[in-house]
Amino acid sequence: MTSECLLCSASTSASGEEGEKKEQRGLVELCIEAATARSENVNKWRRQRRTLERLPSHLADAIIRRLLHRRLLFPTLLEVFRHSVEEVNLRGESCVDAEWMAYLGAFRHLHSLNIADCKNINNNALWPLSGLNSLKELNISRCSKITDSGIKHLLSIANLEKLSLSETGLTSDGVMLLTSLTNLHVLDLGGIPVTDKALCSMQVLTQLEYLDLWGSDISNIGAATLIKFLNLSFLNLAWTKVTRLPNLPSISCLNMSNCTIDSIFDGDHIAAAPLLKLIVTGANFVDSDKVLSKLQAHFLTFLDLSFSIIDNWNFLVNMEHLEHLDLRYSQITDILIEKVALSWENLRYLNLSNTLITSRALSVLAGCIPNLRYLILSYTSVDDASLAYISLTTSLRVVDLSHTAIRGFTGAGPEDSDRTLSFGAFQNLVHLKSLNLEDTKLVDGTLRPLSLIKSLECLYLKSDFLTDDSLHALASLQNLRLVSFRGAMLTDNGLLSYVPPRMLSTLDLRGCWLLSSDAILSFCKTHGRIDVRHEHVRVSSPDQNVSCSSSPFSATSANLSRHRMVKSPKASISKSSFVDERIKYSTEELLQLEHSFLSSCPPKDLQILPDILRRI
Amino acid sequence: MKKEDTVKLISSEGFEFVVDKTAAMVSHTIRNMLTSPGSFSETQHGEVTFPEISTLILEKICQYFYWHLQYASGKETEFHIEPEITLELMMAANYLHT
């Protein structure tokens, strides 16, 4: 699942940005922008109390979100929103403390509050929430200072429907207190040592639909009581001692990762709702055939068997509704694929990375997966022979072939005439958006057929053998938004004569060690909209806020960080994600650095700094 | 300018703004009022009254209509909003679906 997200994120985020640029923003959006542009603007409107009272909640929510993003939100400002805001998400904001909570407790219409990962939230900080009857959703996951006594403040919020408490300091006694919250639909207790006794006492929570108990102390005894939860549709028992799960007819999504599984849905399974999603990553099956074939999982759409040990794969034959199949690090082989592959018409995602499959498996799969979107084959021994088979699945959007034996051509001859460029077949993939070929055996000249995949938006390459020619061969791909050309023999001239496609927003050149900083600087100047990644480029994202800027030269912290730098230049370099190992200072250079700092140079004048520091 | 091509937008204080129909149509709310079938008085007289919107805000909204058309035709300028009126304007824009 995560790998899928990672893969899509590049393309979706890119398309999102682009949509924003093209689409004209409405007046509401312009107003929110103007209202939150700087703190002076905020001061102009924060006293308009009567207007603020009338503010529709979705506008108020949007303003709060933007203020937070701009680092303009502080506790006393929260007060002006107390009549309007319904949803607050402060996730991961370490500044959030008891003072913030005191103001949030006065929000009369607060419906949903997310303060997950807020490290400064303690038991007392939760007190203002007690009796806040509008609140329906609360997330305090990973607020590790919260213990059983903090939970007592929440027990008076009678309408609470969703509560996330994972990885807090709660004990089993605290969990037993939750029984008074009878409206709970969703309860996340991940990482809390919930005992069988506590689970048993929770039977009164009859509304529960979603129960997360990963990492708890539940055993088979506790699992047996789960049948009392008649509405339960999602259950997570990962990392528990549960080996036998009773027949739970309402479950549609089950996670038993990293468990030793003896049986799932023991006895005659009469399902009220069909099991749709099964995640058994890293599970150890006592008898995988017995467990999985008894499951009657005809309707299963999502199956994650990664890292698990399975000796008999016959159960797969019945699963014709699968949409997502994850077999990473499993013992699937070409022969097994031949046995179980059937017409997976609905399959959208298939992950076979780190398995023993070869190109032969692809020849079997070619006709079985007509609607596949994502195909992950990284860290396998597939080679160029597979490309022709892959290209038969024309619906593919994302293909990952990194760390494989792909060379880009077939035929053994050293001469060009003996070679057939294997990527020619990929021109059939008219929907392909992302292609990952990192750490393959690609050589120059083999990438030319890629320029026929006009739909391509993200291309990842990493090879010691690629040179300027390969980068230039891609110039005709006009839809490319992201090009990763890492560790290649790219020269200054090659980079400067490269005409990037119109839509390109990211160019990753990390590890291209031949490039000089001057060449990269000049490329960045000519193509300002492109985010170039290289060891010579200081990392800074455009939407980064001033307050969390990592730049050691931001006006406020200039003095401090310079002081640090004089002491240990290398340490500070690695901090600002500067990983060029080749830079070494000589003693003379260090002395020179020290001298230049001691001479009182004006803080903002970077020109005086020695060359070596100016680049950071 | 023909009368049919314009609409009269009336503020809470009774101040009247006569704007091009195409400009006023930038607002989905106004567009629905003017184009909806049936005999709404708005459709017949080409007049819309906004008892909730003050003259100052309605003027700014009319400016936005024209700025929007210009922007859509490729003239990329900035639309300046005074911080004092952002909240009122935001609520009016929200109501008008612009």
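Some observations on this one:
- Figure legend. Inter-residue proximity from the stretch A:387-408: first residues under 20 Å from A:Gly367 (Cβ atoms), second residues among the hydroxyl-bearing types (Ser, Thr, Tyr) and outside any loop (DSSP other than H, G, I, E, B), beta-carbon distance below 6 Å, spacing 6+ or different chains. Indicated pairs: A:Leu387/A:Ser422; A:Tyr389/A:Ser363.
- Entry remark, the stretch A:55-68: residues being under 22 Å from the mean Cα position of the chain (by Cα) and within 11 Å of chain B (Cβ to nearest Cβ) number 0 in total.
- Listed by first and then second residue, the pairs with beta-carbon distance under 7 Å, at least 6 apart or on different chains, first residue in the stretch B:38-57 and at pLDDT below 80, second among the small types (Gly, Ala, Ser), are B:Thr43/B:Ser36.
- Scope the stretch A:361-383; condition of a type outside the set (A, V, I, L, M) and either surrounded by fewer than 17 Cβ atoms within 10 Å (Cβ to Cβ) or more than 17 Å from A:Ala425 (Cβ to Cβ) (or both); matching residues: A:Gly367, A:Cys368, A:Pro370, A:Asn371, A:Arg373, A:Tyr374, A:Ser378, A:Tyr379, A:Thr380, A:Ser381
- Of all residues in the stretch A:303-323, those that are without any contact (Cβ under 8 Å) to a residue 40 or more places away in the chain and in contact with a Lys or Arg (Cβ under 6 Å, 6 or more places away or on another chain) total 1.
- Within the stretch A:171-202, considering residues that are of a type in the set (A, V, I, L, M) and more than 24 Å from A:His111 (Cα to Cα), the one surrounded by the most Cβ atoms within 10 Å (Cβ to Cβ): A:Leu199
- Among the residues listed as A:Arg82, A:Arg71, A:Arg46, the single one being within 14 Å of chain B (Cβ to nearest Cβ) and at pLDDT 90 or above: A:Arg46
- For B:Val26: the one exception among (1) at pLDDT below 90; (2) within 10 Å of the chain's Cα centre (by Cα); (3) within 11 Å of another protein chain (Cβ to nearest Cβ): (1)
- Residue tally, condition facing chain A (nearest Cβ under 7 Å) and under 19 Å from B:Ser12 (Cβ atoms), over the stretch B:71-98: 10
- Against the list (1) under 25 Å from A:Glu345 (Cα atoms); (2) part of a loop (DSSP other than H, G, I, E, B); (3) not basic (Lys, Arg), the condition A:Asn231 fails is (1).
- Members of the stretch A:35-55 that are among the small types (Gly, Ala, Ser) and farther than 12 Å from B:Glu88 by Cβ: A:Ala37, A:Ser39
- Unmet criterion (only one of (1) at pLDDT below 95; (2) on the phi < 0 side of the Ramachandran plot) for A:Lys136: (1)
For every residue, the table says whether it meets (1) closer than 26 Å to A:Tyr498 by Cα; (2) in a loop (DSSP other than H, G, I, E, B).
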| site | (1), (2) |
| --- | --- |
| A:Leu387 | no, no |
| A:Leu392 | no, yes |
| A:Leu437 | yes, no |
| A:Lys441 | yes, yes |
| A:Ser451 | yes, no |
| A:Tyr460 | yes, no |
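- Look at (1) over 10 Å from the mean Cα position of the chain (by Cα); (2) surrounded by fewer than 19 Cβ atoms within 10 Å (Cβ to Cβ); (3) more than 9 Å from every other protein chain (Cβ to nearest Cβ) and you find that B:Gln63 fails only one, number (1).
- Qualifying position, being touching a Phe, Trp or Tyr at 6+ places or on another chain (Cβ under 8 Å) and at negative phi, among A:Leu177, A:Leu165, A:Leu199, A:Leu187: A:Leu187
- A:Tyr349 buried (at least 18 other Cβ atoms within 10 Å of the Cβ), among the aromatic types (Phe, Trp, Tyr) and at pLDDT 95 or above: yes
- Residue in the stretch A:100-117 that is in contact with a helix residue (DSSP H, G or I) (Cβ under 9 Å, 6 or more places away or on another chain), crowded, with 21+ Cβ neighbours inside 10 Å, among the β-branched types (Val, Ile, Thr) and more than 28 Å from A:Ala37 (Cβ to Cβ) present: no
- Matching option when the condition is touching a helix residue (DSSP H, G or I) at 6+ places or on another chain (Cβ under 8 Å), in a loop (DSSP other than H, G, I, E, B), surrounded by 21 or more Cβ atoms within 10 Å (Cβ to Cβ) and touching a residue at least 24 places away in the same chain (Cβ under 8 Å), among A:Leu126, A:Leu160, A:Leu132: A:Leu160
The values are calculated or read from the model by the stated rules, or taken from the named source; none is laboratory data. Keep in mind the model is a prediction, meaning the values are calculated, not measured. Don't worry about glycine lacking a Cβ; one is built from the backbone with ideal geometry, like all the others, and counts go over all protein chains shown.
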